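Undergrad: Here it is: the structure, laid out below.
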Amino acid sequence: MSLPMSLLRVRDLSVAIGDALPVEDVSFDIAAGETFALLGESGCGKSLTALALMRLLPPAARIASGAVRFADTDLCALSEARMRDVRGGKLGMIFQEPSSSLNPVMTVGAQIAEALRLHGDAAARERVVELLAAVGIPDPARRAGEYPFQMSGGMKQRAMIAMALAGEPELLIADEPTTALDVTIQAQVLDLLRALQRRRAMAMLLITHDLGVVANMADRVGVMYAGQLVEIAPRAAFFAAPGHPYARRLFAALPDTAARRSRLATIPGSVPPPGTRHAGCRFVERCGEALPVCHAAPPPWREYAPGHAVRCHLPALPVLAGKVGVTEGNPCGTGGTVADAAAPGGAPPLLAVSDLQVYFPIRKGVLRRAVGHVRAVDGVSLVLHAGRTLALVGESGCGKTTVGKAILGLQAPSGGALALDGAPLAGLAPRRMQMVFQDPYGSLNPRLRVGEIVAEGLCALRLPGDHAAQVRELLAQVGLDAAMAGRYPHEFSGGQRQRIAIARALAVRPGLLICDEPTSALDVSVQAQILNLLGDLQARLGLAYLFITHNIAVVDYLAREVAVMYLGRIVERGTTEAVLRGARHPYTQALLAAVPRIAGGGVEARVAGDPPSPANPPPGCHFHPRCPRAEARCRASYPDETTLAADHVVRCHFPA
Amino acid sequence: MLAYLIRRLLYALPILIGVNVITFALFFVVNTPDDMARMQLGVKRVTPEAIERWKAERGYDKPLFWNDAAAGTGKATETIFFTKSVKMFALDFGSADDGRDIAREISLRMGPSLAVALPVFALGLFAAIAFALLLVYFRASYLDFAGVVLCVAMMSISGLFYIIGGQWLVSKVWHLVPISGYAEGLTAAKFVVLPVLVSVLAGLGSSARWYRTIFLEEYTRDYVRTARAKGLSERLVLFRHVLRNALIPILTGAVVAIPTLFMGSLLIEAFFGIPGLGSYTIDAINAQDFAVVRAMVFIGSALYIVGLLLTDISYTLADPRIRLQ
Amino acid sequence: MIKPVLLWSDLLFFLLIAATFAGGWLAARTEHLRLAWRRVGRSRVAMAAATLLAAFLLIGVLDSLHYRERLPGDGENYAVEVRSALDALLTGLRTRQERTYSAPLATHLFAKESLEGDQGRDFPRLKHGGAHLGADTAGHGADLLAKTVQGMGVGVVAWLVLWLGFLPARQAAPHLAWDAVLATLFALCLVAGPVLLLAQGYHVLGTDKVGQDVLYLTLKSVRTGLLIGTLTTLIMLPAAVALGLLAGYAGGWIDDVIQYLYTTLNSIPGVLLIAASVLMMQVVIDTHPDWFATAAERADARLLALCAILGITSWTGLCRLLRGEALKLRELEYVQAARALGVSGARILWRHILPNVMHIVMIAIVMDFSGLVLAEAVLSYIGIGVDPNTVSFGSMINTARMELAREPMVWWSLAAAFAFMFVLVLAANLFADVVRDAFDPRASR
Ligand code: SF4
Ligand code: SF4
């Protein structure tokens, strides 16, 4: 495992919080100029490991044991004062949330200059501008004088990177650097990180939960599970044949084209909480290949191939079968495909939205008169048939959530018409449509029992029948134990909470479920469970889904039709096949190219810049400032719909 | 920005009118002027004539809202509401029971009030921030713990104790400064020192503890971690990052009190014999001089509203997030 | 023999205690509240403070059981004076009046007077203080010592009894910080025992200007402090909660009106508003003497009115806090989900918003208490507090304020009032601190 020229050498590092060891016996090396990715789901200890290297652990946590050597220095033995020279100077770090990680009341330039001065650079002013230019911030001299809130998320992350580079670190620790960003911006930032690393011959420790990011960035990969490293491998070897059963299941749980419309493999159960005592392997409860010895003894490191080591009792690298880790049967009786009924001929669509507008007034002046509008949704038309799934795709701020709320009646539309089964609709229709929200923590009232939460709609609408029995049935339907009705939400994991939220929505037997990013806050393995559940429910109950998401892979897996939104308008729509495989709008193409895929090929940042504000959209085609194909005509007029095929419509003057 | 200020000013007007109506209701509707006269004159001398005279002296002999007996606009202006309430907007407060003009009295007494209140404000703020910073610098140590215990103990002691104890110890036992009194000019200093110290001490516990929590909360922010990751020393992190961010709510929160400093402090002025607006108010309360109390309520509210306005402005200036939007 | 009298403040006080018990019972059935209170119960500081507060509460309750004594002679005639159970228990203290000042535990008056006959000027002997010693006071010191030691013995015995009494409770709830409770009780017993014995023969805290026992006055002040600290919050709570939540949840013009209301009230300087209201209320009370049968009832009315006025002037802060919170909660997804399910606005407020702001309300109640007790002293001192006939810390300090200027100084009334107030407020502050930490959702995560 140990490389000859390792820059950073971590040995048996353990971090303790109270009695629990959220990080235990982690060892790895990073060579100069190399990118090492630490991959794991939330709570596996990967961020704590990074903070421990910087000795920046939160007050409750401490390094319990282990050694960290950087070049020739033992970081654990340094005094706090000496350690400060290492921070920023030898080890730079960037964090996940660019908006909260920058000081809101200092200009970006001042924050970078501060780092420069610390590391002995006197001519700070020019260097600040230089650094900002180096991370691709346009007009760096002016931007240096701006405050973080004046910048977009991607810009802030670039500024963070500039700050981390100020001390010319030899190792950059990037803790989920793109998780908070949109895909097109993520692609830009990943591009930048790769370019900088190559130019400066800097080593990088990349912490992420995203297999796609790993595939595109890393030289070597370390997989963490429940506080331990369970696998270390070169990237190619890892993606060709992941060794640890956990890693293999992660791959199988990814919704991607390969898995389209078949059930996803899931990892049953959930990660054991830190502080659990383990006699044997930490993964044993969820492992399909577990041997008797796995319960009794902690697995040893086994080197399957040079540089590819796995912490598992399995004697050799098992052959990667096509159907790894499918652990459940196939209850939905549709031949292993997600049911998605064909369009019924003739009948009016379940939901028809025409020219929906939601404007928010901008008020100014003494009398607070509306001087303009934020056009959050600006003329959106959709059609959704019973039993089908329509995905509404777009980046944050494009108005897709507002569309959902306006359809549901939570947000009064400013214009346009809605029709359910051909009958016009205004306001709420609780028995027809329900919503599943994004945040599994914010969507359940912590003060109510699960039973009360699920029965909420039954009580509010005074539906007949035995509510308690119905609640039991609903819980069973979403795969929860009926006995859980008496418990409170905080006792459940994110995935279980999302199941409860789905049960609550289903209680009133709606025909349409609006799902607003229902899996984006969940780990991949849990996401697969929820997607499977949604598929089963659709097959069994004939539900239609309006699926609002930014995740192309999920769309590809789940939806029959797709509509792509940009700045309040739909720019391209059609069948999933047509849009994702034959995208014609430059924005859709950029979006697709930006998704990091495991299959390699590399992410491609096809568009530069950030989406403009919907309060002040560019004239003509909203996309023209970022569009590679833009011409004079695009600046003058907004393109009309061009029908390319019966079910493929695009709004672009020059559809490719 | 300007539009915003104008809007705030316009918003202040209905509030001031509201205050005026509330005070009017309190003073003239809850009790009739007859009731007040009867009470002030005492039971023995109450004759209808005495009551009428008492009311006439103070101008309370008019109808409340509408005077049918008067002519022209007098129907509206020859009323208690107009003469007593509406005129306040023109800073016409009438005269006190002893016949002196209230507005003049107020302008005379503002000086002494400020002489105490201003140093109390500045020193108090400084002392509390400094103390809180000290505790935060040594956070999670025994010093911090002892400091917090001290704060809680200090805020559990009655303000009266600080005053009485201070007077007794400093003036009576040590004979350092006079117990009470006031003089114009520089000699005021020796009268002002003790009340200032006492007030600062009395307020220190609660504000220092409060500021400490604000600082500590700021310490948990992500940008503090970023600052450390850059390699900044704890001292720089505290002063350059934490302090700067925490001061925005602290200072803008304090600004609201600045205009009301003119009002002085009731207790301190009464105890230390400082002829400011605070003791004026206390005397008026004890003498049940309704005109003065009413005037002070009005001025106090007006100053508070100015304070709110200043808070908004200072917030706008201090926080770039608001200044530049 | 006696006729029970239920003053309005008694009624409210008892209602409040009943409500607390009801709330406790409810809290025990609601998981997150039970967890929060368990965190409070595990804290030594909180349990020690709670023990002290319970002792104060006991005094307050005893002092709230009012009655009028039947006058001797036949017929249904009752004394005009309204007494309380505490008065009855402390009859000795109350009746053993001296002529004027005497120092704590003294046997003679504090100032020289010309004695009867022609014996020159000397310190006159107290009527009651040390009376059991007879004319010769040589054994004074030894007697004090003996009584103190005996008292401590009594205290220790009493504590042992209490210790036994607590055994079942400790077994039922072993995770609570009982050691802190017992330690506090031990200290209390150790102080109370000697005081009890000494008070039989002496004025433990001296006497005031008119010869009343200061210990008696201090104990009587406790009820006033407790009432002001609790009733005020109780009075303002419904308005603050209802208006704050309504403003935050409903928004629009309702929000504007409520905001206008509290900004206006808030802009009037608190003390002045209180002063003006108290003055006006005084006029009302004075012009309607026929409303009140006894002086106690009049004093009680004024006390309640003071609580109401303090409540009216102090609800704005909590209201604003709750409005902000409701504004935040309104946007939360579970509220959105409820709206999508067709749950009515009132029901959302009741089921989803209110339970999620209860911790703020709880924190406000305990945090306000100490501030109000301190405020009472200041207001009474300024002359806009309780009725002069009501014994309170403020009125004690007010009557004693010139005593420090006397030569030699009379310090005990002030010291007693300040010391009792300090203990009460400190206990309340410490308790409030722990409660805040325990209920703050950020802390529990
Ligand atoms: S050690 Fe056993 S239980 Fe653990 S991952 Fe390997 S096979 Fe599965
Ligand atoms: S209309 Fe023009 S600017 Fe807009 S997407 Fe098409 S080519 Fe680009």
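The values are calculated or read from the model by the stated rules, or taken from the named source; none is laboratory data. It should be emphasised that the depicted structure is a prediction, and the values quoted were computed from it without experimental measurement. Please note: Cβ atoms are built from the backbone with ideal geometry, for glycine as well, and neighbour counts cover all protein chains shown. Ligands, DNA and RNA are stripped out before the accessible areas are found, and what is left, the full protein with its side chains, is counted by its heavy atoms. Shrake-Rupley method; radii C 1.70, N 1.55, O 1.52, S 1.80 Å.
Undergrad: Helix-derived [θ] at 222 nm for chain C: sum -39500 (n - 2.57) over DSSP H runs of at least 4, divide by residue count, nearest 500?
TA: The helix-only estimate for chain C comes to -23000 deg cm²/dmol at 222 nm.
Undergrad: Now, a different point. In a GNM of chain B with a 10 Å cut-off on Cα contacts, which of B:Asp289, B:Asp34, B:Asp312 has the highest mean-square fluctuation?
TA: Evaluated over chain B, the most mobile residue of the options is B:Asp34.
Undergrad: Put A:His209, A:His313, B:His175 in order of accessible area, largest first, 1.4 Å probe: what do you get? Write down the numbers at each step before the final one.
TA: Details: A:His209 75, A:His313 25, B:His175 140 Å².
Ranked list, largest accessible area first: B:His175, A:His209, A:His313.
Undergrad: Counting only residues 5 or more places away or on other chains, whose amide H sits under 5 Å from the amide H of A:Val374 once H atoms are built in the peptide plane?
TA: Amide H neighbours of A:Val374: A:Phe360, A:Ile362.
Undergrad: A further question on this structure: So what's chain A giving for Cα Rg divided by 2.2 N^0.38 Å, two decimals?
TA: Taking N as the residue count of chain A, the ratio is 1.00.
Undergrad: With only Lys, Arg, Asp and Glu charged, each at its Cβ (+1 for the first two, -1 for the last two), find how big the charge dipole of the range A:242-311 is about the Cα centre; round to the nearest 20 debye. Mind dumping the intermediate values first?
TA: Numbers: 10 positive and 4 negative charges, 39 e Å.
Using only the charged Cβ atoms, the result is roughly 180 debye.
Undergrad: At each listed q (0.28 Å⁻¹), what is the log10 of I(q)/I(0) that the Debye formula gives for the range B:24-78 modelled as equal alpha-carbon point scatterers?
TA: Treating every Cα as an identical point scatterer, log10 I(q)/I(0) equals -1.08.
Undergrad: Hey, what's chain A come to in accessible area per residue, 1.4 Å probe, Å²?
TA: Dividing the accessible area of chain A by its residue count gives 37 Å².
Undergrad: Could you tell me which residue out of B:Val192, B:Ala3, B:Ser158 lies farthest along the dipole of chain B toward its positive end? Charges go on the beta carbon: Lys and Arg +1, Asp and Glu -1, centred on the Cα centre.
TA: My answer, from the dipole projection, is B:Ala3.
Undergrad: Chain pair A, B: how much accessible area is buried, both chains summed, with a 1.4 Å probe, in Å² to 100?
TA: 2500
Undergrad: Additional query: Go ahead and set up a Gaussian network model of chain B, Cα springs under 10 Å, then flag whichever of B:Ala270, B:Ala90, B:Ala284 fluctuates most.
TA: With Cα springs under 10 Å in chain B, the top fluctuation among B:Ala270, B:Ala90, B:Ala284 is at B:Ala90.
Undergrad: How much mean residue ellipticity at 222 nm does chain A get from its helices, if each DSSP H run of length 4 or more adds -39500 (n - 2.57) and you divide by all residues, to the nearest 500 deg cm²/dmol? Spell out each step's value before the answer.
TA: Details: 20 runs with 190 residues, N = 656.
Per the formula, -8500 deg cm²/dmol.
Undergrad: I've got another one for you. Kindly report the accessible area of the range B:103-318 per residue (heavy atoms of protein chains, probe 1.4 Å, no ligands, DNA or RNA), in Å².
TA: 40
Undergrad: Would you kindly calculate the mean projected area, averaged across all directions, of the convex hull enclosing the Cα atoms of chain B, in square nanometres? Write down the numbers at each step before the final one.
TA: Working: hull surface 92.5 nm².
Spelled out: convex hull of the Cα atoms, projected over all directions, averaged, 23.1 nm².
Undergrad: In addition: Quick one: what does P(r) look like for the range A:9-105 with 5 Å bins over all Cα pairs, in whole %?
TA: The calculated distribution, bin by bin, is 2, 11, 22, 24, 22, 12, 5, 1, 0.
Undergrad: A further question on this structure: Do you know which residues of the range C:401-418 lose at least 40 square angstrom of accessible area in the protein assembly compared with their chain on its own, with a 1.4 angstrom probe?
TA: When all protein chains are present, C:Leu404, C:Met409, C:Phe418 each give up 40 Å² or more of accessible surface.
Undergrad: Sticking with this one: Given DSSP loops and a limit of at most 14 other Cβ atoms within 10 Å, what is the longest stretch of chain B that contains no such trypsin sites (Lys or Arg not before Pro)?
TA: So the longest stretch without any such site is B:101-325.
Undergrad: With a 1.4 Å probe on protein heavy atoms only, tell me which residues of the range B:233-253 lose at least 30 Å² of accessible surface in the complex relative to the chain by itself.
TA: B:Arg240, B:His241, B:Arg244, B:Asn245
Undergrad: Are there residues in the range A:76-102 whose accessible area shrinks by at least 50 Å² when all protein chains are included rather than the chain by itself, and which are they (probe 1.4 Å, ligands and nucleic acids not counted)?
TA: A:Arg84, A:Phe95
Undergrad: Also, quick follow-up: One quarter of the convex hull surface, Cα atoms only: what value does that give for the protein assembly as shown in nm²?
TA: 67.8
Undergrad: If you don't mind, another one. Once the mean 1/r over all distinct Cα pairs of the range B:224-318 is inverted, what Kirkwood radius in angstroms do you read off?
TA: In the range B:224-318 this quantity evaluates to 16.1 Å.
Undergrad: Same structure again: Which Rg and Dmax, in Å, describe the Cα atoms of the range C:12-165?
TA: My reading of the Cα-based Rg and Dmax gives 23.7, 78 Å.
Undergrad: For every other residue with a beta carbon closer than 9 angstrom to the beta carbon of A:Met106, add +1 if it is Lys or Arg and -1 if Asp or Glu, then tell me the sum.
TA: Net charge in that neighbourhood comes out at +1.
Undergrad: Determine how many Å³ per residue the convex hull of the Cα atoms of the range A:99-168 encloses.
TA: In the range A:99-168, the Cα convex hull volume per residue is 70 Å³.
Undergrad: Another question about this same structure. Hey, if you drop one equal point scatterer on each alpha-carbon of the range C:1-99 and run the Debye formula without solvent, what base-10 log of I(q)/I(0) do you get at q = 0.15 Å⁻¹?
TA: The calculated log intensity ratios at q = 0.15 Å⁻¹ are -0.80.
Undergrad: As an exercise, take the mean of 1/r over every pair of distinct alpha carbons in the range C:311-387, invert it, and state the Kirkwood radius in angstroms.
TA: The Cα-based Kirkwood calculation yields 14.8 Å.
Undergrad: Of the heavy-atom accessible surface of the protein assembly as shown (probe 1.4 angstrom), what whole percent is carbon and sulfur?
TA: Using a 1.4 Å probe with all protein chains present, the protein assembly as shown comes out at 61 percent carbon and sulfur.
Undergrad: Considering only the protein assembly as shown, what is the antiparallel percent among its DSSP beta bridges, to the nearest 5?
TA: Roughly 65 percent of the DSSP beta bridges within the protein assembly as shown come out antiparallel.
Undergrad: Mind checking how much accessible area A and C bury in total, 1.4 Å probe, in Å² rounded to 100?
TA: 2100
Undergrad: Among C:Ala427, C:Ala415, C:Ala337, which one moves the most in a GNM of chain C with springs linking Cα atoms closer than 10 Å?
TA: So, out of C:Ala427, C:Ala415, C:Ala337, the one fluctuating most is C:Ala337.
Undergrad: What does the net charge come to around A:Val393 if you take all other residues with beta carbon closer than 14 Å to its beta carbon, with K and R at +1 and D and E at -1?
TA: Numbers: positive: A:Lys400, A:Arg560, A:Arg569, A:Arg573; negative: A:Asp182, A:Glu395, A:Asp516, A:Glu517, A:Asp556, A:Glu561, A:Glu572.
Result for the local shell: -3.
Undergrad: In chain A, if the dipole is taken from +1 on Lys/Arg beta carbons and -1 on Asp/Glu beta carbons about the Cα centre, which of A:Ala501, A:Gly457, A:Ala115 is farthest to the positive end?
TA: Positive-end residue among those listed: A:Gly457.
Undergrad: Between C:Gly225, C:Val181, C:Leu273, whose Cα lies farthest towards the positive end of the dipole of chain C when Lys and Arg beta carbons carry +1 and Asp and Glu beta carbons carry -1, centred on the Cα centre?
TA: Positive-end residue among those listed: C:Val181.
Undergrad: Semi-axes of the range C:213-269's equivalent ellipsoid from the Cα gyration tensor, sqrt of 5 times each eigenvalue, largest first, rounded to whole Å?
TA: Three semi-axes, in Å: 38, 13, 5.
Undergrad: Ratio of Rg to Rh for the range C:241-386, alpha carbon only, Kirkwood? Working shown, then result.
TA: On the way: Rg = 19.2 Å, Rh = 17.5 Å.
When Rh is taken as the Kirkwood radius, the ratio is 1.10.
Undergrad: Report Rg (one decimal) and Dmax (nearest whole number) for the range C:293-349, counting Cα atoms only, units Å.
TA: 20.0, 59
Undergrad: Same structure again: Using only protein heavy atoms and a 1.4 angstrom probe, determine the accessible area buried between C and B, summed over both sides, in Å² to the nearest 100. Write down the numbers at each step before the final one.
TA: Details: alone 23040 and 18120 Å², together 37340 Å².
Buried: approximately 3800 Å² between B and C.
Undergrad: Further, regarding this structure: Can you give the charge dipole size of chain A about its Cα centre, rounded to the nearest 20 debye, using +1 on the beta carbon of Lys and Arg and -1 on the beta carbon of Asp and Glu?
TA: It comes to approximately 860 debye.
Undergrad: Quick check for me: using +1 on Lys/Arg Cβ and -1 on Asp/Glu Cβ, what's the dipole size of the range C:214-439 about its Cα centre, in debye to the nearest 20?
TA: Around 360 debye, computed over the range C:214-439.
Undergrad: Here is a further query. Rg and Dmax of the range A:242-311, using alpha carbons, in Å: what are they?
TA: 14.1, 39
Undergrad: Give me the inter-chain shielding for C:272-278: mean count of other chain Cβ atoms within 10 Å, whole number please.
TA: Numbers: counts 13, 7, 1, 9, 11, 2, 1.
For peptide C:272-278, the averaged partner shielding equals 6.
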